[in-house]
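To start, the structure under review is shown below, and the notes come after it.
The values are calculated or read from the model by the stated rules, or taken from the named source; none is laboratory data. The structure displayed is predicted, hence computed values, not measured ones. Cβ placement follows ideal geometry from the backbone for every residue including glycine, while neighbour counts extend to all protein chains displayed. Accessible surface areas use protein heavy atoms only, side chains included; no ligands, DNA or RNA. Shrake-Rupley method; radii C 1.70, N 1.55, O 1.52, S 1.80 Å.
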Amino acid sequence: MSAPKKEKKPVPDAYKLRIERTDASVKAQYSLLGVATQSIMDVINEDVEISPGKCWKKAGSKWDVAALQCLTDLISKRIQDSMHCVAGGEFSATVRYAQQTLVILGCPAIRILFYKPVPLSSKSPIPETPPTANLDPSCASSVKVLESLEVEEDTLEMAKACLGAEAGPEDTTASMDAETAAHATATARAVRLRDALNFTTGPQWHVVYDKHPVAVSVPTPVRMTLQRGRYTFVVFRHAAEEPSWFHLAQLNPTAVKVVLAALLLGAYLTYKTSCRTVESKWAVNVCGKLDANMHFILFAIAMVFVYSRLISFVKKMQAGKRKPPATGSGYVAKKDKAK
């Protein structure tokens, strides 16, 4: 006897996600939107089958770090990709992401950031002078280490010094209210920390920070979580794999079609030249047979190209969405909930 089918519960208004910012394809946007919505409902309804189990019940009635970590781990398990997932409230981040991979989802109760990192071979902005040149190591005492995984002791101490030192001239935040000034200070410290890590240990460091609970799920063991005042800084290092030819073909299918057309044209011209220069009976016989079928071969190639373009056009019409505007890599500010 089959088990009774579970009744699908409606999504509360507080958890109806919407797309706040993106440069990804329409398919990727709504795929992540569906996975995130289903994962939120599963965590709320305690229908979670991953460790640590029913963490929503353990975490309490609000989104604390345990509940957010459970959510991000569940989303990452379901999408099964190298996509980074960040969940929290009013968090900000200083990261570098690959083009056409950024998706930010938001609702009154939670905000989720998705993106893919860039490869190590890509050019990363590294400061000319070390950001730690004028830092006092004694200021690291004001920073609390909440987590440190596979991070060298020297790197950890440098990170503590970057966050513990003063952010900069006080006159830059004098005209701001207390909350805005606090966030501006945290942003300055996060940028300094990222630049210092990129300068001393290499590029592709990411920093996520917030005064509210925030959780990150990334496929890397190198990470540390630091606290300075009310703000928590989640720091990790991860770079994407070097793109293969197949991956490049997926990113730019139009270029692949142009290359294939050029190769076919080159092969055809080579064939015609060879048939004119070779005078053996065997070559004349083969060239004659190919000439008889060449028009059919070219027609078949043209029909395949037209058919593929038609299928692509129909899919776009069915989606009913325009291509989202490109935004590029860079800092995600607090209002956008990403950098």
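Laid out as a table, the results:
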quantity: Accessible-area ranking of Lys27, Lys160, largest first, probe 1.4 Å; calculated: Lys27, Lys160
quantity: Protection-proxy order for peptides 193-202, 149-158, each taking the mean of Cβ atoms within 10 Å per residue, highest first; calculated: 193-202, 149-158
quantity: In Å², nearest 10: area of His238 left accessible to a 1.4 Å probe; calculated: 30
quantity: FRET efficiency, Leu269 to Ile19 (Cβ-Cβ, R0 51 Å, nearest 0.05); calculated: 0.60
